[in-house]
1. Filter the stretch 46-94 for residues that are assigned to a loop (DSSP other than H, G, I, E, B) and of a type in the set (S, T, Y); which is farthest from Q185 (Cα to Cα)?
2. Looking at (1) free of Cβ contacts under 8 Å to residues at least 40 places away in the same chain; (2) acidic (D, E); (3) under 22 Å from D76 (Cβ atoms), which one does D125 not meet, given that it meets all the others?
3. Select from the stretch 145-157 the residues that are of a type outside the set (D, E, K, R) and surrounded by 15 or more Cβ atoms within 10 Å (Cβ to Cβ) and write down the one among them that is farthest from the chain's Cα centre (by Cα).
4. Under 9 Å by Cβ, and 6 or more places apart or on different chains, what pairs join a residue from the stretch 63-80 that is under 18 Å from S154 (Cα atoms) and at pLDDT below 85 with one that is aliphatic (A, V, I, L, M) and surrounded by 11 or more Cβ atoms within 10 Å (Cβ to Cβ)?
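The values are calculated or read from the model by the stated rules, or taken from the named source; none is laboratory data. The structure displayed is predicted, hence computed values, not measured ones. Every residue, glycine among them, receives a Cβ derived from its backbone with ideal geometry; neighbour counts consider all protein chains shown.
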Amino acid sequence: MGRTAFLCLAVLLFSAGVVMLSLNGCGGVGSSQPPPPPTGQKIQHVVIIFQENRTPDNLFQDPVLYNPPPAGHGADIVQSGWNSQGQQVPLGPIDLGTNGANPDNYDLGHGHYAFGVMYDNGKMDGADKVEVTCAPGASGCPPPTPQFKYVSPSDVQPYFALAEQYTFADRMFQTNQGPSFPAHQFILSGT
């Protein structure tokens, strides 16, 4: 199956999740959460939704999510990162569509080399060395510190709703250190 087919599958899975979530409130029951399944009932469906080339830090900047209990849920979400000069760089907001139709669009390198540079033998301080490419004719591109951005929470509200309703994996890393196609195969195979 090609890259386009997998992207279509990811969009389909996300769309199905949004539809299921929107139908969740249509039952007329006063409870905001469905009752737990009866003991011994088997799981009938597993839906996996993943956002390619994004991290939890990039998608889920929400104080309720990252503050420790009782104020929040204590997810491992950071508001800053370290660059290769040892400086702490705060993450700045950016629209989800920036890597799409926005006139200032740019793309960060997401090949194995970019992973190695960012990882830096476990120091996780090489983000500023990850290659940035701009679309032809883009103005103001790249923005300052393009590797240190987070998506505005209003842009990813459906993701927040799904994460709060179902399961959220904030310390999940792909099995392979390679391109998207094998990563899709790994996530669909349940690793």
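1. Restricting to residues being assigned to a loop (DSSP other than H, G, I, E, B) and of a type in the set (S, T, Y), the top hit is S84.
2. So D125 meets the others, but not (1).
3. T145
4. So the pair list comes out as L65/A75; L65/I77; L65/A163; Y66/A75; Y66/I77; Y66/V78.
Residue-by-condition table, conditions (1) crowded, with 16+ Cβ neighbours inside 10 Å; (2) in a helix (DSSP H, G or I); (3) free of Cβ contacts under 8 Å to residues at least 24 places away in the same chain; (4) at negative phi:
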residue	(1), (2), (3), (4)
A138	no, no, no, yes
P143	no, no, no, yes
Y159	yes, yes, no, yes
N176	no, no, yes, yes
F186	no, yes, yes, yes
